[in-house]
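Participant: Have a look at the structure that comes next, please.
Rule-based calculations on the coordinates, nothing more; no lab input. Quick caveat, the model's predicted, so the values are computed rather than measured. Don't worry about glycine lacking a Cβ; one is built from the backbone with ideal geometry, like all the others, and counts go over all protein chains shown.
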C-alpha cells in the first residue's frame, strides 16, 4: 500500500524542524513507518543550492539549482512511499514557490505560475501540507542567534514570502497552524490535523 506524503512549510523561524522532530516519534508509536527528509537535501545537489545563497548566482540560476535537487529528491520520496512509509518533508516545492516567487518578481511574469509550470515534471503533490504561520518579525527574532545568516532572512523579504504562502494555502491540501504558540501546542495541532486528514492507522 502506498504511503503518505506530508510536507511542512513556513518562513524562516516558523519552527518546522522542531515540530517535525516532535511528531515523528509519535507517529511511529501509532504504527507509521516514518521517513523524515528535508530540502535542500544533504547531497552535493543540496550543497550547490546552499552555495548559491552565498555566491548570489541570481534568482534564475538559483531556481534551477532548487529544481535539480528536487528532481532527485522526488525520486527518493516516491521510492519510500512505494514501500508504504509516511514521508515527512521539511520544505518542498511550496518553499520554492513562496521564496523564489518573491525573488523572481520583476524577472518573470507571474512568478508562482511560472515556477509551477517549470517544476511540474519534478514535483509530487503532497497528501497534506501543514503551513506553520508566524509573523516575519517573530521568525527573525527566533533565529537571531544563528551563526550562519543568509540573505533571505530580512523582514521585508520574508513579508513577501509570507504573503505567497498565504496565497498558496488557499489550496485544500493545506492546513494552517498558528506557529506563534509553544512547540507543544503546535505539535499537538499538527498531529490532530494528520489524524483528521489522513487517519490514525499507520501503513
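Participant: Return 29, 51 ranked ascending by Cβ neighbour count within 10 Å, so the fewest neighbours appear first.
Facilitator: 29, 51
Participant: Still on this structure: Distance between the C-alpha centers of the range 1-37 and the range 65-101? Whole Å please.
Facilitator: The two parts, judged by their Cα centres, are 13 Å apart.
Participant: Then there is this: Taking 0.36 nm per residue of separation and subtracting the Cα-Cα distance, what length does fully extending residue 184 through residue 42 add?
Facilitator: Additional length available on full extension: 48.4 nm.
Participant: Of 163, 155, 62, how do they rank once you tally other Cβ atoms within 10 Å and put the fewest first?
Facilitator: Placing the least packed residue first, the sequence is 155, 163, 62.
Participant: Between residue 196 and residue 159, what's the calculated FRET efficiency when r is the beta-carbon distance and R0 is 30 Å? Round to 0.05.
Facilitator: The value I calculate is 0.45.
Participant: Continuing with the same structure: Assign one of three labels to the range 96-144, namely rounded, prolate or oblate, based on the Cα gyration tensor with a ≥ b ≥ c the square roots of its eigenvalues; rounded applies when a/c is under 1.5, prolate when it is not and a/b is larger than b/c, and oblate otherwise.
Facilitator: Oblate, since a/c reaches 1.5 and b/c is not below a/b.
Participant: Give the shape of the range 1-100 as rounded, prolate or oblate, defined through the alpha-carbon gyration tensor: a ≥ b ≥ c are the square roots of its eigenvalues, a/c under 1.5 means rounded, and otherwise the shape is prolate if a/b is larger than b/c and oblate if not.
Facilitator: Prolate, since a/c reaches 1.5 and a/b exceeds b/c.
Participant: How much of the DSSP bridge set in the chain is antiparallel, in percent, rounded to the nearest 5?
Facilitator: Here the antiparallel bridges make up roughly 0 percent for the chain.
Participant: Something else: Just order 182-193, 9-20 by mean Cβ neighbour count inside 10 Å, highest at the front, would you?
Facilitator: The most tightly packed comes first, giving 9-20, 182-193.
Participant: At 7 Å along the Cα-to-beta-carbon direction for both residue 71 and residue 33, put a label point, then send me their distance in nm to one decimal.
Facilitator: Taking the two extended label points, one gets 2.9 nm.
Participant: Pop a pseudo-label 7 angstrom from the Cα along the beta-carbon direction at both residue 146 and residue 17 and give the gap in nm to one decimal.
Facilitator: Taking the simple label geometry, residue 146 and residue 17 are separated by 0.8 nm.
Participant: Now a separate question. From the list (i) 1.04; (ii) 1.28; (iii) 0.99, can you say which value of Cα Rg over 2.2 N^0.38 Å was derived from the structure given?
Facilitator: From the options (i) 1.04; (ii) 1.28; (iii) 0.99, the structure gives (iii).
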